[in-house]
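Q: Next up is a structure, given as C-alpha cells.
The values are calculated or read from the model by the stated rules, or taken from the named source; none is laboratory data. The structure presented is a predicted model; accordingly, all values stated were derived computationally and were not measured. Glycine also receives a Cβ, built like all others from the backbone with ideal geometry; neighbour counts cover every protein chain displayed.
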Amino acid sequence: MKRILITLCAIYCALFTASAQTKADSLRADSIFKSLELQGVEIVKQKSLVKSDIDKVTYNIEDDPDSKSNTVIEMLRKVPMVTVDGEDNIQVNGSSSFKVYVNNKPNQMMTNNPKEVLKSMPANSIKRIEVITNPGPKYDAEGVGGILNIITHGKGVEGYTATFSGNVSNRGAGGSAYATVKSGKLMMSGRYNYSYNNSPRSYSGSSRKTIGNITDSSSDLESEGSSKYHGHSQYGTVEASYEIDPLRLITASFDIYGGGSKSDGDNQTFATSPLTHNRLYSYNTARNSKNNYGYIDGGIDYQRTFSVEERLLTLSYKLSSEPDKSDSYTDYHDMQSADGWENFLQRLKNQRNDGCENTMEHTFQIDYTTPFAKIHTLETGLKYILRNNTSEDDRYEEGVFDSDHSSHYKHRNDIFAAYLGYGLKLDKLSGRLGLRYEHTLQDVEYKLGRGDDFRKHFNDFVPSASIGYKLTQMSNLRLGYDMRIYRPGIWYLNPYLDDSTPTNIYQGNSHLESENSHSFNLSYSNFTPKFNINLALRYGFTNNRIENVVRMMPDTQIPGLKNPTGKDVLYTTYENIGRSQGVNLNTYVNWNATKNTRVYMNGRLSYIDMDDGGTLSNHGWDLFVYGGAQQTLPKDWRLSFNLYAMTPNINLQGRGSSYSSYGLSIQKSWLKNRLNLTISATNFLKKYMRYNSTTEDTFFHADSWSKSVQQRFSLSISYRIGELKASVKKAERTISNDDVKGGGGGSDSGNEGSSN
C-alpha cells in the first residue's frame, strides 16, 4: 500500500511538471482555435477524452481503448469528479447521493443499484459519460452530488448495426448484444446484457469491546465466519422514436432489469465478561438466503419544436415499478451459556424471514423552453409524482408465523413541483439562475405490526445559480451554488425490527426528515492536445443529514423487542443527525506524452466534519487516487496498466477500510475495429485482500475485517456488424425523478460482521 501511494504521488508530481512544459503548446493551440465557435472546451486537432462545459464534464468512453474490454464501472474510475472504491461503491463530487440518467432520461434502476448494474454493463455500448455537477431547476431537488448521464450508441441512423460480445473469467461469465435500426422516420434500438458471478468463498470476523459503563449485563464479543455467493443479472431495454414531421417527435422506451442471488454462510460467536474475562456464552450460526430483484420502467415523450431555434415544448409520462423479494433461513446450534445468560440465548430461535418490497410510481410532466433577445433563455415546467411504497416482512420462528415481529407497511408520496429558470449566454460569459418549488405529502399506514399511522406535508424552495467564463478557447472557469433535497427511500423508512441476531438489532425510522444540502463549487479546466487538467473545489454543508447510528443499550430500551433480557446489545437505526460539512478537491490530469503513450490520473482529497449535536462526532481527511498509462505497441496492440488506492473513509462513528488495486490488460482489434479481443488480469500477484473498519462511541469499540478474492483473470471478445448512414432525432427532455435517497438496509460494517 505504501509503495503504491509513493508511486502514484510520483506520477502526480511528474504530470504537474509536464503541465509547465506544455504551456507553450497551449499558447500555440490557442491561436489555432481562435476561429472556432466552441460552447465548451473541445479538442479538434486530436481527439480529447474530456471536455468541460459550464454545468458538466464529459468523458468520451468510446475513444478510450480500455472500453473494448472493461465494464462501465471500471471506466468510471477514470471519469473526472467520480470515485469508485474497492467495493465498487460510487461517489460523484464527493457524495454517494447522485442520480443516473441514460440518454438524458432518468434511470431509477441504475440509481438504486448503480454498482450492481454498471459492473455488468459492457463499456463498449457507451459513447460518453456526462457528470452534471450543477443541475439546473428543471431537475428534481434531490441528488447532492449531481447526475451521471450515460450516453449510449443510441443515435439511430439509416440502416442497421449490431454488436455482440462475451467474456469469461475466473469469477464468472457474461454476454451482451446491442442493435439499432432506422428506416425512414422510425428508429428502434435494443440492448441486452447477461452476467453470472460465482464468487469464491470469503471470510470475515469482528470484535466488540465494552468501554465506559461496564456492568454485569455487559459482554465482549468475538466472531468469525465465511460465506459463499453466486448470482446472475440481466438487463434489457428497447427505445423507439418516430418523427411525425420536422417539428414533432414521439419517443418511447421500456427498460427491464432483474436478477437473483443465493448465498450461504456459517459463523461462530462467543462472548466474555469485560469484568472477569470468563466465557459467558457461545453459539454457531448457519444461514442461507436467496434474493430476487428487479425493475420495470416505461415512458413516452411528445416533443414539439418551433420555427424559433431552441424553443421547445415536451409532454411526458412515466410508469415504473421496483419489486424485490428475499427469503432467508437462520439456524442456531451448539449453544452454551453461563449462569445468568440462559434467557439471552433462549432468544436464539431458528427463523425464516420472508420479505418483499415494491415501489410503484406514476409521473406526469410538462417542460417549456424559449430563447429571447438572442442571448437569453427562459425555461419553466410542472411535474406531479404519485409514488406508493409497500413493504411486507413476515417472520417465522420454529416454523410458526410470528405476527408480533412481522410488519406490513405502506408509504404514499405525492409530490408537486414547479420551476423557473433563466439563462444568459454572451461571447465568453454564460450564466444560469433557477428557482424550484416542491410540495410533498406523506401518508404512512401500518397494515400489520407496531407503529402509528401518520400524515404530514411540507414545502421547499430550492434555488440554484452558476456562472462560467471562457478564459481562452482552451480553458474555462466556473462558479456555482445549488441547494438539493435528499428524501429518504423505503429502505430507510421501513420500521421492521430485525433481531435475528440478538447481539445486533436493526430497524428503519419512518419519521425521518429530508436533508437540505447546500454546496458552493469552483472549477477550472484547460484542455490542450497534449495536456488536459480539470480542478474542482467544492464546499458543502447539510442540515439534518441522514446517517445510520449504532448505540449500545440494554435491550429493554428497544421498543417492540420480543422477550427482552436487560443485556447490552448494539442497536442500529437511521437518524437525522446535526449539521455536517466538508470540502473536497477533485483533480483530473491527462498527458499525451507521445503519439502512442498516454498517462492519466484521477484523484480526490476530502475533509469532512460531522456532529450529531450530542456525543457523536467525527472528522478527518481521506484521499482517493486512480492512475495509469496506455501504450500502443507495434501492429496496433494496446497495453494498459492501472493503479488504484484510497485511504480509509470517514463516517460518523469511525472509519472504513483502505484499499489498493492494480490491473494489466492487452487489447487487439481486427477487421477495421469490428473484431476486438482483450486479455486482462487484476491483482494477479495476490489472491486474497483484507479490509478493516471500525465503529465506536462512548460505550463500545468495534472492529471488523473481511478477506475476499479480488484476483481476476478474464478474456473478452466482441464483434460488430452492419452500417449506419444517417442521423435521427431523439427527445431532448423527459421525466427525471431525482427525489429519493435509495439504498439502505443491511448491517453496519462496524458491527459483528455480515455473517453473524
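Q: Please enumerate the residues belonging to the range 542-587 that are in contact with a strand residue (DSSP E or B) (Cβ under 9 Å, 6 or more places away or on another chain), farther than 24 Å from Pro488 by Cβ and either part of a helix (DSSP H, G or I) or among the charged types (D, E, K, R) (or both).
A: If the condition is that a residue be in contact with a strand residue (DSSP E or B) (Cβ under 9 Å, 6 or more places away or on another chain), farther than 24 Å from Pro488 by Cβ and either part of a helix (DSSP H, G or I) or among the charged types (D, E, K, R) (or both), then Asp555, Lys562, Lys567, Asp568 are the ones that fit.
Q: Looking at (1) over 27 Å from Arg487 (Cα atoms); (2) surrounded by fewer than 16 Cβ atoms within 10 Å (Cβ to Cβ); (3) of a type outside the set (A, V, I, L, M, F, W, C); (4) at pLDDT below 90, find the lone condition where Lys456 falls short.
A: Result: Lys456 passes all but (1).
Q: A follow-up question, please. In the range 600-619, how many are surrounded by fewer than 20 Cβ atoms within 10 Å (Cβ to Cβ) and either assigned to a strand (DSSP E or B) or aliphatic (A, V, I, L, M) (or both)?
A: Looking only at that region, the number is 7.
Every residue, every condition in (1) within 19 Å of Leu441 (Cβ to Cβ); (2) within 26 Å of the chain's Cα centre (by Cα), yes or no:
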| residue | (1), (2) |
| --- | --- |
| Met360 | yes, yes |
| Thr370 | no, no |
| Ala373 | no, no |
| Leu382 | yes, no |
| Thr390 | yes, yes |
| Asp404 | no, no |
| Ala418 | yes, no |
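Q: For residues in the range 654-688 being part of a strand (DSSP E or B) and aromatic (Phe, Trp, Tyr), which is surrounded by the fewest Cβ atoms within 10 Å (Cβ to Cβ)? Spell out how you get there, then give the answer.
A: Residues of the range 654-688 that are part of a strand (DSSP E or B), as a first pass: 654-655, 659-670, 675-682, 688.
Within this subset, residues satisfying the condition of being aromatic (Phe, Trp, Tyr) are 659, 662, 670, 688.
Details: Tyr659: 19, Tyr662: 18, Trp670: 11, Tyr688: 13.
By that ranking, first place goes to Trp670.
Q: Does the range 516-525 include one or more residues that are modelled with pLDDT under 90, among the small types (Gly, Ala, Ser) and under 30 Å from Arg352 (Cα atoms)?
A: No: the range 516-525 contains no residue that is modelled with pLDDT under 90, among the small types (Gly, Ala, Ser) and under 30 Å from Arg352 (Cα atoms).
Q: Which one of Arg538, Arg545 is farther than 29 Å from Pro502 by Cβ, under 30 Å from the mean Cα position of the chain (by Cα) and at pLDDT below 90?
A: Of the residues listed, the single one that is farther than 29 Å from Pro502 by Cβ, under 30 Å from the mean Cα position of the chain (by Cα) and at pLDDT below 90 is Arg545.
Q: For residues in the range 402-435 being part of a strand (DSSP E or B) and of a type in the set (A, V, I, L, M), which is nearest to Asp452 (Cα to Cα)?
A: Ile415
Q: Then there is this: Is it true that Asp394 is buried (at least 16 other Cβ atoms within 10 Å of the Cβ), modelled with pLDDT under 95 and more than 28 Å from the chain's Cα centre (by Cα)?
A: Working: buried (at least 16 other Cβ atoms within 10 Å of the Cβ): yes; modelled with pLDDT under 95: yes; more than 28 Å from the chain's Cα centre (by Cα): yes.
Yes.
Q: Please pick out the residue among Val144, Val102, Val82, Val41 that is of a type outside the set (Gly, Ala, Ser), surrounded by 24 or more Cβ atoms within 10 Å (Cβ to Cβ) and modelled with pLDDT of 75 or more.
A: Exactly one residue qualifies, and that residue is Val82.
Q: Sticking with this one: For Ser218, only one of the following conditions fails: (1) in contact with a Phe, Trp or Tyr (Cβ under 8 Å, 6 or more places away or on another chain); (2) within 30 Å of Asp568 (Cα to Cα); (3) surrounded by 20 or more Cβ atoms within 10 Å (Cβ to Cβ); (4) hydroxyl-bearing (Ser, Thr, Tyr). What is its number?
A: Against the list (1) in contact with a Phe, Trp or Tyr (Cβ under 8 Å, 6 or more places away or on another chain); (2) within 30 Å of Asp568 (Cα to Cα); (3) surrounded by 20 or more Cβ atoms within 10 Å (Cβ to Cβ); (4) hydroxyl-bearing (Ser, Thr, Tyr), Ser218 comes up short only on (1).
Q: Output the qualifying pairs, or none if there are none: Cβ atoms under 8 angstrom, residues six or more apart or on different chains, first residue in the range 476-496 and touching a residue at least 40 places away in the same chain (Cβ under 8 Å) and of a type in the set (Gly, Ala, Ser), second residue surrounded by fewer than 21 Cβ atoms within 10 Å (Cβ to Cβ) and not in a strand (DSSP E or B).
A: That search, which allows pairs on different chains as well, returns Gly489/Gly742; Gly489/Gly743; Gly489/Gly744.
Q: Sticking with this structure for a sec: Out of all the residues in the range 244-285, which are aliphatic (A, V, I, L, M) and touching a Leu at 6+ places or on another chain (Cβ under 6 Å)?
A: Ala271
Q: Still on this structure: At pLDDT 90 or above and either among the β-branched types (Val, Ile, Thr) or surrounded by fewer than 22 Cβ atoms within 10 Å (Cβ to Cβ) (or both): is that true of Ile505 in this structure? Explain how you work it out, then say what you get.
A: Details: at pLDDT 90 or above: yes; either among the β-branched types (Val, Ile, Thr) or surrounded by fewer than 22 Cβ atoms within 10 Å (Cβ to Cβ) (or both): yes.
Against the criterion (at pLDDT 90 or above and either among the β-branched types (Val, Ile, Thr) or surrounded by fewer than 22 Cβ atoms within 10 Å (Cβ to Cβ) (or both)), Ile505 qualifies.
Q: Taking the conditions exactly as written (modelled with pLDDT of 90 or more and either surrounded by 16 or more Cβ atoms within 10 Å (Cβ to Cβ) or in contact with a His (Cβ under 6 Å, 6 or more places away or on another chain) (or both)), does Glu357 satisfy them or not?
A: In short, no.
Q: Taking the range 328-382, which residues are farther than 30 Å from Ala418 by Cα and among the aromatic types (Phe, Trp, Tyr)?
A: If the condition is that a residue be farther than 30 Å from Ala418 by Cα and among the aromatic types (Phe, Trp, Tyr), then Tyr329, Tyr332, Trp341, Phe344 are the ones that fit.
Q: Sticking with this one: Just checking, does the range 345-352 include any residue being part of a strand (DSSP E or B) and touching a residue at least 40 places away in the same chain (Cβ under 8 Å)?
A: yes
Q: Moving to a separate point now. For Glu239, work out the one condition from (1) surrounded by 22 or more Cβ atoms within 10 Å (Cβ to Cβ); (2) closer than 30 Å to Ser207 by Cβ it doesn't fulfil.
A: (2)
Q: Within the range 459-481, restricting attention to residues that are in a strand (DSSP E or B), over 23 Å from Ala418 (Cβ atoms) and among the aliphatic types (A, V, I, L, M), which residue is modelled with the lowest pLDDT?
A: The initial filter retains those residues of the range 459-481 that are in a strand (DSSP E or B), namely 459-472, 475-481.
Now restrict to residues that are over 23 Å from Ala418 (Cβ atoms): 467-472, 475-479.
From what's left, among the aliphatic types (A, V, I, L, M): 467, 471, 477, 479.
On the way: Ile467: 93, Leu471: 89, Leu477: 92, Leu479: 93.
The residue in question is Leu471.
Q: Does Val72 satisfy being hydrophobic (A, V, I, L, M, F, W, C), in contact with a Leu (Cβ under 6 Å, 6 or more places away or on another chain), more than 29 Å from Pro463 (Cα to Cα) and modelled with pLDDT of 80 or more?
A: yes
Q: For the range 689-700, which residues satisfy the criterion of being touching a residue at least 60 places away in the same chain (Cβ under 8 Å) and either surrounded by fewer than 16 Cβ atoms within 10 Å (Cβ to Cβ) or assigned to a loop (DSSP other than H, G, I, E, B) (or both)?
A: Asp697, Thr698, Phe699
Q: Still on this structure: Quick check: is even one residue across the range 154-166 polar (S, T, N, Q), at pLDDT 90 or above and over 30 Å from Ile250 (Cβ atoms)?
A: Checking the range 154-166: not a single residue is polar (S, T, N, Q), at pLDDT 90 or above and over 30 Å from Ile250 (Cβ atoms).
Residue by residue, here is whether (1) touching a helix residue (DSSP H, G or I) at 6+ places or on another chain (Cβ under 8 Å); (2) at pLDDT 95 or above; (3) surrounded by 16 or more Cβ atoms within 10 Å (Cβ to Cβ) holds:
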| site | (1), (2), (3) |
| --- | --- |
| Asp245 | no, no, no |
| Arg248 | no, no, no |
| Tyr257 | yes, no, yes |
| Gly260 | no, no, no |
| Ser273 | no, no, yes |
| Thr276 | no, no, no |
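Q: Working only within the range 428-453, note down all residues that are over 24 Å from Leu382 (Cβ atoms) and touching a residue at least 12 places away in the same chain (Cβ under 8 Å).
A: If the condition is that a residue be over 24 Å from Leu382 (Cβ atoms) and touching a residue at least 12 places away in the same chain (Cβ under 8 Å), then Lys428, Leu429, Ser430, Gly431, Val444, Glu445, Tyr446, Lys447, Leu448, Gly449, Arg450, Gly451 are the ones that fit.
Q: Name the single residue that is surrounded by the most Cβ atoms within 10 Å (Cβ to Cβ) among those in the range 585-599 being among the β-branched types (Val, Ile, Thr) and in contact (Cβ under 8 Å) with a residue 40 or more places away in the chain.
A: The extreme case among them is Val589.
Q: Whether any residue in the range 701-711 is within 30 Å of Leu616 (Cβ to Cβ), of a type in the set (Asp, Glu), out of contact with any Pro (no Cβ under 8 Å at 6 or more places or on another chain) and in a loop (DSSP other than H, G, I, E, B) is what I want to check.
A: No: the range 701-711 contains no residue that is within 30 Å of Leu616 (Cβ to Cβ), of a type in the set (Asp, Glu), out of contact with any Pro (no Cβ under 8 Å at 6 or more places or on another chain) and in a loop (DSSP other than H, G, I, E, B).
Q: Here is a follow-up. Output the residue which, of all residues in the range 482-537 that are assigned to a strand (DSSP E or B), in contact with a His (Cβ under 8 Å, 6 or more places away or on another chain) and aliphatic (A, V, I, L, M), is nearest to Val92 (Cα to Cα).
A: So the residue we want is Met483.
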